[in-house]
Amino acid sequence: MRRFAVILAGSFCAALTQPATAEPATAEPTASAPILVDAAPDAAQWSATASRRLDRNLHRARADMPPDIPDAIVQIRFELVDGQPANIRLMRSSGKPWLDRDAMEAIAAMDDLPALPVAFQGREVQANIITARHSYQARRLQRELHKSEAARLASAPDEAGVLTLYSG
């Protein structure tokens with residue numbers, strides 16, 4: 001059975017530990033204190049929304065893909081500008097130009113994304129996409145991705161500022 005797994009993976013838990021710049025809503029308002037409501041999504045909600053939209057776009061692209069989908073990891077970075085992915089660039093190629101192009105087009109087609117949570121404004125987002133023909137190959141690639149992401153984060157302190165998402 002052929003599988004096309006979308007795995008947006010990396011340092012999401014580490015990113016969640018970054019301090020937020022806005023105060024959360026208070027549970028018990030006092031007569032003199034205003035009630036603060038933050039309508040912006042938190043990181044987990046944003047991640048889930050972005051993951052669903054990317055997954056949907058990749059599954060649409062799958063219909064046009066050759067039947068011999070490779071076992072591969074594609075890594076793409078982008079910024080979010082007015083709800084649209086911008087400055088989309090390939091960070092790790094699958095080795096198949098058509099697959100890299102389809103993955104980048106799926107990112108570009110994620111329109112109307114909600115604004116990033118306040119604590120993550122201005123950060124880059126990295127999408128890690130795994131394609132695999134079988135579930136055991138997908139698990140092997142997930143382990144490989146986990147190791148490479150750990151090495152990436154350990155190698156450069158600036159990499160911790162890249163918002164990397166989980167899905168799956």
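The values are calculated or read from the model by the stated rules, or taken from the named source; none is laboratory data. All of these numbers come straight from a predicted model, not from anything done at the bench. Quick reminder, even Gly has a Cβ in these numbers, built from the backbone with ideal geometry, and neighbours come from all protein chains shown. These accessible areas exclude ligands, DNA and RNA; they are computed on the full protein's heavy atoms, side chains included. Shrake-Rupley method; radii C 1.70, N 1.55, O 1.52, S 1.80 Å.
Summary of computed values
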quantity: Residue among ARG139, ARG101 that alone is open to solvent by 60 Å² or more (accessible area, probe 1.4 Å), within 18 Å of ARG62 (Cα to Cα) and either of a type in the set (Lys, Arg) or part of a helix (DSSP H, G or I) (or both); calculated: ARG101
quantity: Hits in segment 44-67 (condition: part of a helix (DSSP H, G or I), of a type in the set (A, V, I, L, M) and open to solvent by 30 Å² or more (accessible area, probe 1.4 Å)); calculated: ALA44, ALA48
quantity: Number of the exception - MET110 against (1) more than 13 Å from LEU58 (Cβ to Cβ); (2) open to solvent by less than 10 Å² (accessible area, probe 1.4 Å); (3) touching a Pro at 6+ places or on another chain (Cβ under 8 Å); calculated: (1)
quantity: Enumeration of residues in segment 68-88 that are open to solvent by 50 Å² or more (accessible area, probe 1.4 Å), without any contact (Cβ under 8 Å) to a residue 40 or more places away in the chain and either assigned to a loop (DSSP other than H, G, I, E, B) or of a type outside the set (A, V, I, L, M, F, W, C) (or both); calculated: ASP68, ASP82, GLN84, ASN87
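For every residue, the table says whether it meets (1) more than 18 Å from the chain's Cα centre (by Cα); (2) modelled with pLDDT under 80; (3) farther than 12 Å from ILE129 by Cβ.
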| position | (1), (2), (3) |
| --- | --- |
| PRO29 | yes, yes, yes |
| ALA40 | no, yes, yes |
| GLN45 | no, no, yes |
| ALA50 | no, no, yes |
| ASP68 | yes, yes, yes |
| ILE73 | no, no, no |
